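Inspection log for the structure reproduced underneath, given as C-alpha cells.
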Amino acid sequence: MYEEYIEEIKRYDVFDIIARLAGTTIESRNQNKTLFIDTLIDEITSLARSDFQNSFKMSAGKFRRLINQVVSNEQIRLTIDPNENIYKQRVIYRGNHWVFNGIDQDPAYYLQLLVNVLQEHNEYDTEYLQKVDQLISTVLEISDFIENGLKCDDVINDESKEYYVPDASKIERNSKLVTFDADYIRQRVGYEDVFNEMCVRFQHKRTLATPDMLMFNPQDLSLFCHPFIYNDSRNQIIVSNVALLPSFLIYQIFTLARGYNLQNQIFDDFNEAVFRDCITSISRLGYSSIDFIEGEPLINSRAYKEAIFSVSETKRLLLIFGCDEGGNYSEETVHGIASNKYHNNVEERYPKRKREVFPRTLC
C-alpha cells in the first residue's frame with residue numbers, strides 16, 4: 001500500500017520523518033484521522049532497520065507532499081469515523097494527569113478504573129506493583145509533557161476526513177514534543193524488559209498484509225501494543241501517537257501480570273470494578289437495585305454478571321454485563337473476541353434476546 005512512499009523515505013533520515021509524522025497526530029483536528037499515519041509508521045517498522053541508513057533531512061516541502069499523498073489513500077479513508085471520545089481527559093494516579101483518547105473505545109475510563117484496582121489491592125506481588133507503578137508514572141509523565149506543549153493551541157473537533165497538516169514550524173515543534181531521551185525513559189521505567197516492550201520491533205508482522213481492507217482491524221497494528229520507536233542513531237524515543245498510550249498501559253498492566261501469575265485475579269478485579277461502576281451510575285439516576293429476576297437469583301460469575309433495577313412500579317431496568325476473562329489475551333488477540341460464555345448465559349437466561357457477539361474492549 002505504501003511501497004512507493006517508503007522507497008522515498010529510505011533516501012532520508014527515517015527517524016526524523018517518523019517524528020514529524022507523529023507530530024501531526026497530536027493535532028486535535030486529526031484525532032479521528034491518525035490511522036493514515038499509524039498505518040504508514042507500522043509499515044515502515046515492518047521492514048528491517050538496515051533498510052534505513054541515510055541521514056539526510058527531508059525538506060519541509062517534500063515532507064508536505066509526502067504526507068498529502070499518504071492521506072489521500074481511499075482505503076484508509078473508508079475506515080475513518082467521527083470522533084466518539086473527547087480529545088483529552090484526566091486520569092488520577094498519584095496526582096492529576098492528561099491522556100489523549102484518540103480512536104480507541106473509552107481508553108481513559110478503562111485506564112482510570114484499572115489503576116484504581118492496582119491501588120486498592122496491595123496484596124498483589126510487590127515487584128509487580130513496583131514495575132507497573134514506574135511504567136504508569138513514566139507514561140503519564142510523557143503524556144503530560146506533550147499536553148503541556150499544546151496548551152496554547154485551540155482544541156478543534158474536525159470530524160471530516162481531511163487530514164490537517166500544520167505549517168513547517170509547528171511540525172518541527174510537535175516533532176520535538178514527541179521525542180525523548182532514551183536513557184531518561186529507561187531510567188524512569190527502571191526495568192530493561194519493560195523498556196524493551198515499550199518499543200515496536202523492526203521487522204514485525206505486516207498488519208496491512210491482508211488483501212481485503214474490509215477485514216482490516218486498525219487495532220491490530222503493532223503500534224497499539226508498542227507505541228514507542230527507538231532511534232538507535234540518536235538514543236531517543238519517539239512517541240508514534242500519544243493517543244495510544246492509555247491503551248498501551250492497559251495492555252502492559254495485564255501482560256506483566258502474567259509473569260506473576262496474577263492475570264486472572266487482575267482481570268476479575270477489574271471486571272468487578274467496571275461492573276460496580278455501572279451499578280453506581282445507574283443508582284445515581286434514582287433507580288434502586290433488586291436482588292432477584294422473577295424469583296431467580298442474579299448471576300455474578302467470572303464470565304457474566306447481571307443486575308436489575310426498579311424504574312417504576314411496572315418497569316424494570318436490566319443490566320447485562322459480559323466479562324472478558326482474559327483467557328486468550330495476547331498481542332495478537334488483544335482486540336479480538338473475548339473468551340467467555342457471555343452468549344450462552346444470555347440465550348439461556350433470556351431466550352427471546354437476539355444473540356450478540358461480545359467484542360473485547362480492553363487493550
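Lys/Arg Cβ at +1, Asp/Glu Cβ at -1, dipole of the stretch 238-309 taken about the Cα centre: which of Leu256, Ser283, Asn241 is farthest positive-ward?
Final value for the positive-end residue is Asn241.
Filter the GluC sites (Glu not before Pro) in the stretch 119-198 down to the DSSP loop ones having no more than 16 other Cβ atoms within 10 Å, then list what survives. Intermediate results must be reported in sequence, preceding the final value.
Working: sites: Glu120, Glu123, Glu127, Glu141, Glu147, Glu159, Glu162, Glu172, Glu192, Glu197; in loops: Glu123, Glu159, Glu162.
Answer in residue order: Glu123, Glu159, Glu162.
Find, among the GluC sites (Glu not before Pro) in the stretch 225-320, those assigned to loop by DSSP (not H, G, I, E, B) with at most 13 other beta-carbon atoms within 10 angstrom. Don't skip to the answer; put the middle values down first.
Details: sites: Glu272, Glu294, Glu306, Glu313; in loops: Glu294, Glu313.
Of the GluC sites (Glu not before Pro), the ones in loops of the stretch 225-320 whose Cβ has at most 13 other Cβ atoms within 10 Å are Glu294, Glu313.
What angle, in degrees between 0 and 90 and rounded to the nearest 10, separates the Cα long axis of helix 107-120 from the longest principal axis of the Cα atoms of the chain?
Computed tilt is about 60 degrees.
Rounded to the nearest 0.05, what FRET efficiency is calculated for Ser169 and Glu4 with R0 set to 22 Å and r the Cβ-Cβ distance? Don't skip to the answer; put the middle values down first.
Values: r = 28 Å, r/R0 = 1.28.
The pair Ser169/Glu4 has a calculated efficiency of 0.20.
In terms of the ratio Rg/(2.2 N^0.38 Å) built on C-alpha atoms, what value belongs to the chain?
Numbers: Rg = 22.0 Å, N = 363, 2.2 N^0.38 = 20.7 Å.
The reported ratio for this selection is 1.07.
Nearest 10 degrees is fine. How inclined is helix 245-258 to the longest principal axis of the chain, computing both from alpha carbons?
Tilt of helix 245-258: around 60 degrees.
Treating the beta-carbon of each Lys and Arg as +1 and of each Asp and Glu as -1, no other charges, what is the dipole magnitude of the chain about its Cα centre, to the nearest 20 debye? Walk me through the numbers on the way to the answer.
On the way: 40 positive and 55 negative charges, 121 e Å.
Result for the chain is approximately 580 debye, rounded to the nearest 20.
Once you've got the GNM for the chain with C-alpha springs shorter than 10 Å, pick whichever of Leu285, Leu177, Leu118 has the biggest mean-square fluctuation.
In the Gaussian network model the winner is Leu285.
Looking only at Ile238, Ile80, Ile18, which one moves most when the chain is put into a Gaussian network model with springs between Cα atoms under 10 Å?
Ile80
Quote the convex hull volume per residue of the stretch 112-213, based on C-alpha atoms, as a whole number of Å³.
So the per-residue hull volume is 212 Å³.
Could you give the dipole magnitude of the stretch 1-136 about its Cα centre, charging the beta-carbon of Lys and Arg +1 and that of Asp and Glu -1, in debye to the nearest 20?
Values: 15 positive and 21 negative charges, 162 e Å.
Its charge dipole is roughly 780 debye.
With everything on Cα atoms, drop me the angle between helix 168-177 and the longest principal axis of the chain, reported from 0 to 90° to the nearest 10.
Once rounded, one gets 60 degrees.
Quick one: if you stick a label point 7 Å off each Cα along the C-beta vector at Asn68 and Asn96, how many nm between them?
Here the modelled spin labels are 4.1 nm apart.
For every other residue with a beta carbon closer than 13 angstrom to the beta carbon of Asn264, add +1 if it is Lys or Arg and -1 if Asp or Glu, then tell me the sum.
Values: positive: Arg258, Arg302; negative: Asp268, Asp269, Glu272, Asp324, Glu325.
Net charge in that neighbourhood comes out at -3.
Relative contact order for the chain: what is it in percent, counting Cα pairs under 8 Å that are at least 6 residues apart?
On the way: 518 pairs, mean separation 68.2, N = 363.
Across the chain, relative contact order equals 19 percent.
Go through Ala307, Asn196, Phe63 and say which Cα lies farthest out towards the positive end of the charge dipole of the chain; charges sit on Cβ, +1 for Lys and Arg, -1 for Asp and Glu.
The Cα lying farthest towards the positive end belongs to Phe63.
Computed from the mean reciprocal separation of all distinct C-alpha pairs, what Kirkwood hydrodynamic radius does the stretch 2-110 have, in Å? Intermediate results must be reported in sequence, preceding the final value.
Numbers: mean 1/r = 0.0645 Å⁻¹.
Its Kirkwood hydrodynamic radius stands at 15.5 Å.
Exactly which chymotrypsin sites (Phe, Trp or Tyr not before Pro) in the stretch 145-204 are in a DSSP loop and have at most 16 other Cβ atoms within 10 Å?
Values: sites: Phe145, Tyr163, Tyr164, Phe180, Tyr184, Tyr191, Phe195, Phe202; in loops: Tyr163, Tyr164, Tyr191, Phe202.
Taking the stretch 145-204 and a limit of 16 other Cβ atoms within 10 Å, the loop chymotrypsin sites (Phe, Trp or Tyr not before Pro) found are Tyr164, Tyr191.
Taking the Cβ-Cβ separation of Glu127 and Ser288 as r and a Förster radius of 30 Å, what is the calculated FRET efficiency to the nearest 0.05? Could you put the intermediate results ahead of the total?
Numbers: r = 43 Å, r/R0 = 1.45.
After rounding to 0.05, the efficiency reads 0.10.
Return, for the Cα atoms of the stretch 65-137, the radius of gyration and Dmax in Å, separated by a comma.
For the stretch 65-137, the Cα radius of gyration and maximum Cα-Cα distance read 17.7, 55 Å.
Short version: ³J(HN,Hα) in whole Hz for each residue of the stretch 274-283, in order, from phi by Karplus 6.51 cos²θ - 1.76 cosθ + 1.60 (θ = phi - 60°), x for Gly and Pro, what are they?
For the stretch 274-283, the Karplus-derived couplings read 5, 4, 5, 5, 4, 4, 4, 5, 5, 5 Hz, x marking Gly and Pro.
Bear in mind that the values in this text are calculations on the coordinates, not laboratory data. Keep in mind that this is a model prediction, so the values were computed, not measured. Don't worry about glycine lacking a Cβ; one is built from the backbone with ideal geometry, like all the others, and counts go over all protein chains shown.
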